[in-house]
Amino acid sequence: MGDTLAQKLIRSHLVSGNMVVGEEIGLKIDQTLTQDATGTMAYLEFEAIGVPRVRTERSVAYIDHNTLQTGFENADDHRYIQTVCKKHGLYFSRPGNGICHQVHLERFGIPGKTLIGSDSHTPTGGGIGMLAFGAGGLDVAVAMGGGTYYITMPRMVRINLTGKLSPWVAAKDVILEVLRRMSVKGGVGKIVEYGGEGVATLSVPERATITNMGAELGASTSIFPSDEVTRAFMKAQGREADWVALQPDADAVYDEVIDIDLSALKPLAACPHSPDAVKSVEEIGAIPVDQCCIGSCTNSSLMDMLKVAAILKGKTVHPNVSLSIAPGSKQVYNMLAANGALADLIAAGARILECACGPCIGMGQSPNSKGVSLRTFNRNFEGRSGTADGQVYLVSPETAAVSALTGVFTDPRTMGEPPVIHMPDSFLVNDNMIVAPAAEEDMDSVEIVRGPNIKPFPKTAPLSDSITANVLLKVEDNITTDHIMPAGAKILPLRSNIPAISEHCFVRCDPEFPARCHREGTGFIIGGANYGQGSSREHAALAPLYLGIKAVIVKSFARIHVANLINAGILPLTFRNEADYDKISLGDRLSLPDVRRRLQNGEEVVLKNETTGDEIPLNTGFSERQIAMLLAGGLLDYTRENG
């Protein structure tokens, strides 16, 4: 029995554990990336570990999230990250150089290498055959120091692509179809691997769109083979020497197989407020549109931009629609300017934004009250746009561009023949916005610059013998990291300041939560299924840590968030019987008696509801390493203790 492509890459990077589904494995990491909304904390953690210089093959820090500088905070963070990079051996992608995943795909990604990034959409690298994972900042810090990255060995899903996309149907429609079938929690504990004859019909940007949004499945990662299409892309980037061919074994066995006929797909849209609430554009109908936003790490490639420019050329955006366009990188922006496509976008009335994440994370361009916003982004969680009642749909660039012209939700297939796009044989390569680190002999002379908004990592403590506290919050299913720790222009600048940002923790669910935590001093959170889906932001664990949360007890967790809770020293526990969720109310007094001893000895952990008298059995499922981390008070303490 042969290996899948993902299994091959896992096997070649395996440091510890056995490749048995459900068991913990440790992987050697070749590359890391960070972005500035999570990067400052990751580098504070890296400094705390005490390794003088990164030990990966390549580590890159990108500035792409907090680029709206309405105060000193973001600029201070950028300066801090730049000086850390110079001193400790990282490459620094300056503000304006582009979105981390787009730039990394263009300039640094290598087929067959492992990559982790402090952003949940790091699996974009799977578009060129990388084994790429989103992770918490502390996991990235450890990997930069040469440490192992641990995951639970996933199951393998093959999505077998046949046929070829019809005119006006896009890669975005492929991943929306996958989300429609699998749901936002259908990929948990799985790696999604694409294969079949249809793969050869998809370009690297199209493949990257699909692997990027695999994060919305809850999947560990997604990956395409590295083939002649990959080779052509890397040659166009002047990096053909980095290319290697990668395919699964012919006799590879998958745990699940899904067949998708590309030729049968239609233009699709994810309706408010979930990426898996998918309908056809035809089914949604011609509802009026207020805003269209084109860009994000999902759909900001040169190919996407050229398609949009061709659709808009010689036309004018509907007077009732605000259209914004953000190229994904300086390379894309330069090439649009050089070939005239940028002039076509401007002439049509598009608002050109800088090469950054921007509206995808609520950093500007919030829609009007109850506004219908068509976005080529990856998430449409309620309130994420910055407008609490915004009606956000996720669509392809083609659907967004056509709808921006008509003023209503429009199936692009009604527009006749699509424009023909010819991609260049070579891309404009100019890495002048990427700053190399200081030479090793010069690193000691580099001073790290810290602004006043940068606060240290929250204090942690070893796990108590027993925990007794009140329920300070009870939430439903599918709580996202946007619910726990919102993004947006007002809150993101506080990412370096856990005491300040904690005042916004869970306020979308319960505005009184932070004040209640301050009053009580310690407490529990009770949640439903798929708790913590969405972003990799570890702030969704660090803010509850600062507020005194000792344990989070839910029906089920999303992969990255449960790892972040363990890293922070917060106990993540699940109900053995999901119906027991209903036996707990806000304000109930709960206890975990002898929890430290029980974890150490592998005994059952029991939750006592002292208010009602109920005893509730809980699942742990921790590895020995995770138990040691929890006992120590989190990954930072564990790393210090174990070297």
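The values are calculated or read from the model by the stated rules, or taken from the named source; none is laboratory data. It should be emphasised that the depicted structure is a prediction, and the values quoted were computed from it without experimental measurement. With ideal geometry, Cβ positions are generated from the backbone for all residues, glycine too; neighbour counts draw on all protein chains shown.
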Has the range 314-330 got any residue that is in contact with a Leu (Cβ under 9 Å, 6 or more places away or on another chain), part of a helix (DSSP H, G or I) and touching a residue at least 60 places away in the same chain (Cβ under 8 Å)?
no
Within the range 514-547, count every residue that is under 28 Å from Gly134 (Cα atoms) and in contact with a strand residue (DSSP E or B) (Cβ under 6 Å, 6 or more places away or on another chain).
9
All but one of (1) touching a strand residue (DSSP E or B) at 6+ places or on another chain (Cβ under 8 Å); (2) aliphatic (A, V, I, L, M); (3) within 24 Å of Tyr91 (Cβ to Cβ) hold for Leu14, so report the exception by its number.
(3)
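Give the residue, chosen from Leu374, Leu342, that is buried (at least 23 other Cβ atoms within 10 Å of the Cβ), assigned by TED's automatic domain parsing to the domain that holds Val392 and of a type outside the set (Val, Ile, Thr).
Leu374
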Going residue by residue through the range 624-639, is there one that turns out to be touching a strand residue (DSSP E or B) at 6+ places or on another chain (Cβ under 7 Å), part of a loop (DSSP other than H, G, I, E, B) and of a type outside the set (A, V, I, L, M)?
no
Within the range 475-485, can you find the residues that are surrounded by fewer than 24 Cβ atoms within 10 Å (Cβ to Cβ) and closer than 13 Å to Gly362 by Cβ?
Asp482
I'd like the full set of residues that are touching an Asp or Glu at 6+ places or on another chain (Cβ under 6 Å) and either surrounded by 19 or more Cβ atoms within 10 Å (Cβ to Cβ) or on the phi > 0 side of the Ramachandran plot (or both), limited to the range 507-528.
Pro514
Val395 fails exactly one of (1) modelled with pLDDT of 95 or more; (2) surrounded by fewer than 21 Cβ atoms within 10 Å (Cβ to Cβ); (3) within 27 Å of Ala310 (Cβ to Cβ), namely (2)
Selection from the range 216-235 of residues that are free of Cβ contacts under 8 Å to residues at least 60 places away in the same chain and crowded, with 24+ Cβ neighbours inside 10 Å:
Leu217
With among the charged types (D, E, K, R) and over 28 Å from the mean Cα position of the chain (by Cα) as the only criterion, which of Arg598, Arg537 stands out?
Arg598
Pair list, Cβ < 6 Å and 6+ apart or interchain, from the range 99-111 residues that are outside the structural domain of Gly328 (by TED's automatic domain parsing) to residues that are part of a loop (DSSP other than H, G, I, E, B) and surrounded by fewer than 24 Cβ atoms within 10 Å (Cβ to Cβ)
Glu106/Gln237; Pro111/Val244
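So that you can scan it fast, the table gives a plain yes or no per residue for (1) more than 24 Å from Ala356 (Cα to Cα); (2) aliphatic (A, V, I, L, M):
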{"site": "Gln102", "(1), (2)": "no, no"}
{"site": "Ile110", "(1), (2)": "no, yes"}
{"site": "Tyr149", "(1), (2)": "yes, no"}
{"site": "Thr152", "(1), (2)": "yes, no"}
{"site": "Arg155", "(1), (2)": "yes, no"}
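Are any of the residues in the range 285-304 in a helix (DSSP H, G or I) and within 30 Å of Thr480 (Cβ to Cβ)?
The answer is yes; a qualifying residue exists.
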Filter result for Thr67 (in contact with a strand residue (DSSP E or B) (Cβ under 9 Å, 6 or more places away or on another chain) and of a type in the set (Ser, Thr, Tyr))
no
Does Ser385 fit the bill of being within 13 Å of Ser296 (Cβ to Cβ), in the same structural domain as Cys293 (by TED's automatic domain parsing), modelled with pLDDT of 95 or more and polar (S, T, N, Q)?
no
